[in-house]
1. Do the conditions hold for LYS42, that is, is it out of contact with any Asp or Glu (no Cβ under 8 Å at 6 or more places or on another chain), of a type outside the set (S, T, N, Q) and at pLDDT below 85?
2. Which one of ILE130, ILE162 is modelled with pLDDT of 85 or more, outside any loop (DSSP other than H, G, I, E, B), more than 19 Å from THR72 (Cα to Cα) and among the aliphatic types (A, V, I, L, M)?
3. Quick check on the range 133-144: of everything there that is surrounded by fewer than 18 Cβ atoms within 10 Å (Cβ to Cβ) and not in a loop (DSSP other than H, G, I, E, B), which residue is nearest to the chain's Cα centre (by Cα)?
Amino acid sequence: MAIPLDLPPFLLFRYSATDDLDCDGEDLRAARNSGFVTFVEKTLFSCDCKLKKFKVVFEYEPRFASNVDSWTRFTAGKGVEELYLQLWPADTKYELPQLLVIPEGNVAWYSLKKLSIGYLKFSNDVIERILAGSPVLETLELDHWEGFSRLDVTNSCMKKLILREFLDIWLSLIHVQPAST
């Protein structure tokens, strides 16, 4: 199925008026096609309203790193509340832009309520900075993760913590402070 690279004006208006953008390359059967990436770019950058949710699922290739970087930067700037990136296959790693997650700096995702990331490797320091820089985070979902041995959740907004497929042998300590009611 071909993906329209030149969106008609009525579709651009529709996309610019929505607050929930879900781009699933698996459903479109075009995940290996650079046309899918172009489609996501045009759709995302035509969005002129507050974006609450941004979801992308596709077969990631390293040549698309700068595209995914621009998507994550754009959504962070839009104050997205829910970010979901599912980039596969597992043996092809994507690193979040240093602008968003800098081990020496701070994360500033002040509007983010739900974060779902799969196939990731973070240090203890980076996961701590993500949690500290996401003060209204309600749901944290990590799928196929490794690299850190301590997860200290003290955020009073946290309602749901989902940990799937821990790739290291051992997680030495998980501390979860219950949400205040």
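The values are calculated or read from the model by the stated rules, or taken from the named source; none is laboratory data. Predicted model only: the values in this text are computed from it and were never measured. Here the Cβ positions follow ideal geometry from the backbone for every residue, glycine too, while neighbour counts run over all protein chains shown.
1. On the way: out of contact with any Asp or Glu (no Cβ under 8 Å at 6 or more places or on another chain): yes; of a type outside the set (S, T, N, Q): yes; at pLDDT below 85: no.
Criteria not met by LYS42.
2. Working: ILE130 fails: more than 19 Å from THR72 (Cα to Cα).
The unique qualifying residue is ILE162.
3. Step by step, filter the range 133-144, then rank; the result is GLU141.
The rows are residues; the columns are (1) touching a helix residue (DSSP H, G or I) at 6+ places or on another chain (Cβ under 6 Å); (2) of a type in the set (Ser, Thr, Tyr); (3) modelled with pLDDT of 70 or more.
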| position | (1), (2), (3) |
| --- | --- |
| GLY35 | no, no, yes |
| TYR60 | no, yes, yes |
| ALA65 | no, no, yes |
| TRP88 | no, no, yes |
| PRO103 | yes, no, no |
